[in-house]
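The values are calculated or read from the model by the stated rules, or taken from the named source; none is laboratory data. All values reported here derive from a predicted model rather than from experimental measurement. Glycine also receives a Cβ, built like all others from the backbone with ideal geometry; neighbour counts cover every protein chain displayed. We work out accessible area using only protein heavy atoms, side chains counted, and drop any ligands, DNA or RNA first. Shrake-Rupley method; radii C 1.70, N 1.55, O 1.52, S 1.80 Å.
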Amino acid sequence: HHDEPLLGHGPVGATDNVTLLYSHRYLLESAEFEAERARRHARPFAVVMVEVCDLPEINRRDGYAAGDAALFGVARALEEAIATTPATLGRYSGRRVAAIVPKGGQTVGTAVADELLRRLGDGGPVVRAAVAVWQHGDHGEAVLSRARLGLESGAAAVALRR
C-alpha cells in the first residue's frame with residue numbers, strides 16, 4: 001500500500017538501526033504520552049523490559065555482528081510475543097529493548113514477558129525480563145526506570161532464561 005509508512009520515514013533517528021524498533025528517544029516520548037493518557041483516564045499502562053544479559057560475551061566471543069543478530073532476534077521475539085496487543089516497541093539501551101503496553105497492567109505485562117521467554121526457547125542468548133506498571137503521579141520515564149531497576153535487582157524480574 002502506498003499509504004503505509006516506510007521504515008525510517010519521519011524524523012531521523014526514530015528507528016534503531018540494529019533492532020529496527022523505535023529509538024530510545026521515541027520510546028521516552030511514547031511513555032510520556034501514555035503517562036498523560038493514564039492520568040486522564042485513570043487507566044495504567046505496562047512496560048516490559050528485556051535485557052540480553054550475555055551481550056558483552058557474545059560480542060567478545062563471536063563478534064559484534066553476532067551480538068547485533070542476538071539483539072535483533074530478541075526484538076523479533078518481543079514483537080511476536082506482543083503481536084495481538086497494541087504496543088510501542090523500542091530499544092531502551094545497548095542491550096535492552098522495551099515494550100510500552102497501553103491499558104495494560106501487571107497481568108498483561110507478565111503474560112507478554114512469559115510468552116517472549118517461551119518463544120526464545122533454549123540455546124539463544126541469556127535474557128531476563130521485568131515488568132513495571134504506571135502508578136498515579138508517574139511520569140513515563142519513571143515507569144521505564146522502574147522496569148530497568150527490576151532487571152537490575154532481579155526482584156521484579158519475571159524470569160531468567162539460559
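The table that follows gives values for the structure above.
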item	result
Average Cα contact separation per residue, the chain, under 8 Å, 6 or more apart, as relative contact order %	30
Helix runs (DSSP H) in the chain reaching 18 Å along axis by Cα, Kyte-Doolittle at least 0.0	64-81, 106-120, 140-153
Rounded accessible area per residue of segment 88-140, 1.4 Å, Å²	42
Other-chain or far-sequence residues with amide H under 5 Å of residue 54's (modelled H)	126
Rg ratio (alpha-carbon, reference 2.2 N^0.38 Å) - the chain	1.01
Filtered trypsin sites (Lys or Arg not before Pro), segment 120-154: DSSP coil and at most 12 other beta carbons within 10 Å	none
Surface share of carbon and sulfur [accessible, 1.4 angstrom probe, percent] for segment 67-162	51
Residue 93-residue 65 FRET efficiency (beta carbon distance; Förster radius 22 Å; 0.05 resolution)	0.65
Dipole axis of the chain (+1 Lys, Arg; -1 Asp, Glu on Cβ), positive-most option in 15, 97, 140	140
Solvent-accessible ranking of 22, 64, 92, largest area first, probe 1.4 Å	64, 22, 92
Under 5 Å, built H, 5+ apart or other chain: amide partners of residue 15	23
Amide H partners (placed H, <5 Å) of residue 92, local residues excluded	97, 98
Extension gain, residue 142 back to residue 57 (0.36 nm per residue minus Cα-Cα distance, nm)	27.6 nm
